[in-house]
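Asks: Below is a structure I'd like to ask you about.
The values are calculated or read from the model by the stated rules, or taken from the named source; none is laboratory data. What you see is a predicted model, and the numbers here were worked out from it, not measured in a lab. Here the Cβ positions follow ideal geometry from the backbone for every residue, glycine too, while neighbour counts run over all protein chains shown.
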Amino acid sequence: MKLNKVSMKLLGGILIVGGTAIGAGMLALPVTTAVNGFYPSIIAFFVVYIFSMATGLLFLELCLAMPKNANIISMARHYLGPIGQFFAWILYIMLFYCLIIAYVDGGSSMVEFLSEGTLSKIWAMLIFVVIFSTVLYLGTGAVDSVNRVLMLGLIVTFLFFTVFAFQEINMDNFSHFKWHGSLFTLPVIFTSFSYQGTLPSLMQYLDRNKKAMQYSIVIGITLPFLIYVLWQFLVMGVVPLSGPHGLLEAKSIGETAVYSLHYFVRNKYIAAAGQVFGFFALASSLLGVSLGLMDFLSDGLKIEKIGWKKVFLCALIFIPPMLITHYNPGIFLLTLGYAGGIGCAILLGLYPALMVWRARYRMANSPAPILWGGKPMLILIVAFVVLELGLEVVKDFKLFGF
């Protein structure tokens, strides 16, 4: 009985890691990486997958060294001091708001699209936000119940889409390559492999069991990698790179792969499955991110999650993203890029490497190393983050002709 309980908890841990990573970023991957081709994109996925696994193991090392219920902010204060904690706050807020802006923009576009033009973008946005803010207001239990339905729907629609989309694949779509361009797609890929923020909570769920945590991280983050490879193959095989409604057009107007699938899948039921799958992926991510942000704001601003105070927190979470989305339509891909290029890279990549360096080599009672490689591995992780940040600057300011 005890073994079954441990096994179920381990399965839950694996699904939490995998489910957190799989989200709206997945919808953007084929569009963002389209110009590079399938094979360069898969190499980029693999590099970020290994990086994400490594930084997750670094966070595990820190979690085991810190007291129970320690989070990223308290870790930053302990290992990097008040200045490190301050920037962790800023990065955390920026990351979560960027994600919610992207989800509100993407979700409202889907509602508008599914309404077949009967709803304007602003009304689609209001309907989308009211539904999800209501679920958020009802609490963790409601979020959990709705999320289970969404995850079940996500799995069913993805399996349906996968089985029947193979007959629509055109192998000629895999003939183009652009290897160097794949470097500039790293920001959105970073976002699509992000789960590390859940590890402090997962530590308590798994009773601080080191082995169970390691399995959860390694297996959990492998699931998104495999699913992303299959999703990339299906979308790039079905949708051409250029031409009307192609992947490049979707990118130029800030839409996801779901937009293009509608025009190139001949079977309307398969197309509908792809669209519904996209909605489930986005919605499940939105619930998790908004719930995390509510807890963060409640704790940071010392606002109780009751009555009108909770309504205020919901408004604080959704109204700013609504306003930004309304005045900046098609901002989905841009904010996902900023979330990954800056927020994920620094908070979930650079921070754990710096904190573990200080814990291992500058402080007494250092934690037992979990990630192998010692100082060279930590230097490699820091160098990779610096490279990614440099590429983000080059891309944003269009330096060197990029």
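Here's the yes/no breakdown for (1) touching a residue at least 40 places away in the same chain (Cβ under 8 Å); (2) in contact with a Leu (Cβ under 9 Å, 6 or more places away or on another chain); (3) outside any loop (DSSP other than H, G, I, E, B); (4) not basic (Lys, Arg):
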position: Val111; (1), (2), (3), (4): no, yes, yes, yes
position: Glu116; (1), (2), (3), (4): no, no, no, yes
position: Ser133; (1), (2), (3), (4): yes, no, yes, yes
position: Tyr137; (1), (2), (3), (4): yes, yes, yes, yes
position: Val146; (1), (2), (3), (4): yes, yes, yes, yes
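Asks: Confirm whether Gly56 is among the small types (Gly, Ala, Ser), crowded, with 18+ Cβ neighbours inside 10 Å and either at pLDDT 85 or above or assigned to a helix (DSSP H, G or I) (or both).
Replies: Yes, satisfied.
Asks: Here is a further query. Consider only pairs whose beta carbons are under 6 Å apart and that are at least six residues apart or on different chains; among these, list those whose first residue lies in the stretch 198-223 and is within 10 Å of Ile14 (Cα to Cα) and aliphatic (A, V, I, L, M) and whose second residue is surrounded by fewer than 16 Cβ atoms within 10 Å (Cβ to Cβ) and modelled with pLDDT of 85 or more.
Replies: That search, which allows pairs on different chains as well, returns nothing.
Asks: Here's another thing I want to ask about it. Can Phe177 be described as at pLDDT below 85, part of a loop (DSSP other than H, G, I, E, B) and within 26 Å of Phe46 (Cβ to Cβ)?
Replies: So Phe177 fits the description; yes.
Here is a yes/no grid of residues against (1) within 30 Å of Val35 (Cβ to Cβ); (2) among the hydrophobic types (A, V, I, L, M, F, W, C); (3) surrounded by 20 or more Cβ atoms within 10 Å (Cβ to Cβ); (4) out of contact with any Asp or Glu (no Cβ under 6 Å at 6 or more places or on another chain):
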position	(1), (2), (3), (4)
His78	no, no, no, yes
Trp89	no, yes, no, yes
Gly107	yes, no, yes, yes
Phe160	yes, yes, no, yes
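Asks: Considering Leu241, Leu282, Leu286, which residue is assigned to a helix (DSSP H, G or I) and either farther than 23 Å from Ala21 by Cβ or out of contact with any Ser or Thr (no Cβ under 9 Å at 6 or more places or on another chain) (or both)?
Replies: Unique residue meeting the criteria: Leu286.
Asks: Right, another one. Go through the stretch 11-62 residue by residue and tally those that are farther than 22 Å from Pro200 by Cα and among the hydroxyl-bearing types (Ser, Thr, Tyr). Can you show your working first?
Replies: So the first thing to find is which residues in the stretch 11-62 are farther than 22 Å from Pro200 by Cα, and the list is 24-47.
Then drop every residue that is not among the hydroxyl-bearing types (Ser, Thr, Tyr), which leaves 32-33, 39, 41.
Adding up the residues that qualify gives 4.
Asks: What number of residues within the stretch 352-364 satisfy the criterion of being in a helix (DSSP H, G or I) and either among the β-branched types (Val, Ile, Thr) or modelled with pLDDT under 85 (or both)?
Replies: The total comes to 1.
Asks: Here's something else I'd like to know. Looking at the stretch 65-76, which of its residues are buried (at least 16 other Cβ atoms within 10 Å of the Cβ) and either in contact with a His (Cβ under 7 Å, 6 or more places away or on another chain) or in a helix (DSSP H, G or I) (or both)? Full working, then the answer.
Replies: As a first pass, look at the stretch 65-76 and keep what is buried (at least 16 other Cβ atoms within 10 Å of the Cβ): 65-66, 70-73, 75-76.
Answer for the stretch 65-76, where residues must be buried (at least 16 other Cβ atoms within 10 Å of the Cβ) and either in contact with a His (Cβ under 7 Å, 6 or more places away or on another chain) or in a helix (DSSP H, G or I) (or both): Ala65, Met66, Ile72, Ile73, Met75, Ala76.
Asks: Still on this structure: Looking at the stretch 236-259 only, could you name the residues that are within 17 Å of Phe164 (Cα to Cα) and modelled with pLDDT of 80 or more?
Replies: Within the stretch 236-259, Met236, Gly237, Val238, Val239 meet the criteria.
Asks: When the residues of the stretch 109-131 are filtered to those that are polar (S, T, N, Q) and exposed (fewer than 15 other Cβ atoms within 10 Å of the Cβ), which remaining residue is farthest from Met294 (Cα to Cα)?
Replies: Among residues in the stretch 109-131 that are polar (S, T, N, Q) and exposed (fewer than 15 other Cβ atoms within 10 Å of the Cβ), the one farthest from Met294 (Cα to Cα) is Thr118.
Asks: Take the stretch 132-157 and flag every residue that is at pLDDT 85 or above and surrounded by 14 or more Cβ atoms within 10 Å (Cβ to Cβ).
Replies: Once the filter is applied, which keeps residues that are at pLDDT 85 or above and surrounded by 14 or more Cβ atoms within 10 Å (Cβ to Cβ), the stretch 132-157 yields Phe132, Ser133, Val135, Leu136, Tyr137, Gly153, Val156, Thr157.
Asks: OK, next. Hey, does the stretch 293-304 have a residue that's assigned to a loop (DSSP other than H, G, I, E, B), surrounded by fewer than 22 Cβ atoms within 10 Å (Cβ to Cβ), β-branched (Val, Ile, Thr) and more than 24 Å from the chain's Cα centre (by Cα)?
Replies: The answer is yes; a qualifying residue exists.
Asks: Could I ask something else about it? Hey, Ser284 hits all of (1) touching a Phe, Trp or Tyr at 6+ places or on another chain (Cβ under 8 Å); (2) surrounded by 20 or more Cβ atoms within 10 Å (Cβ to Cβ); (3) under 26 Å from Leu186 (Cα atoms) but one; which does it fall short on?
Replies: Exception for Ser284: condition (1).
Asks: Moving to a separate point now. Return the residues of the stretch 110-121 that are under 25 Å from the mean Cα position of the chain (by Cα) and aliphatic (A, V, I, L, M); say none if nothing qualifies.
Replies: Here is the first cut: in the stretch 110-121, the ones under 25 Å from the mean Cα position of the chain (by Cα) are 110-114, 121.
Matches in the stretch 110-121: Met110, Val111, Leu114.
Asks: Go through the stretch 365-386 and report how many residues are part of a helix (DSSP H, G or I), within 27 Å of the chain's Cα centre (by Cα) and not small (Gly, Ala, Ser).
Replies: Selection size over the stretch 365-386: 9.
Asks: Same structure, new question: Could you list all residues from the stretch 176-197 that are in contact (Cβ under 8 Å) with a residue 24 or more places away in the chain and more than 30 Å from Met66 (Cβ to Cβ)?
Replies: Within the stretch 176-197, His176, Phe177, Lys178, Trp179, Gly181, Ser182, Leu183, Phe184, Thr185, Val188 qualify.
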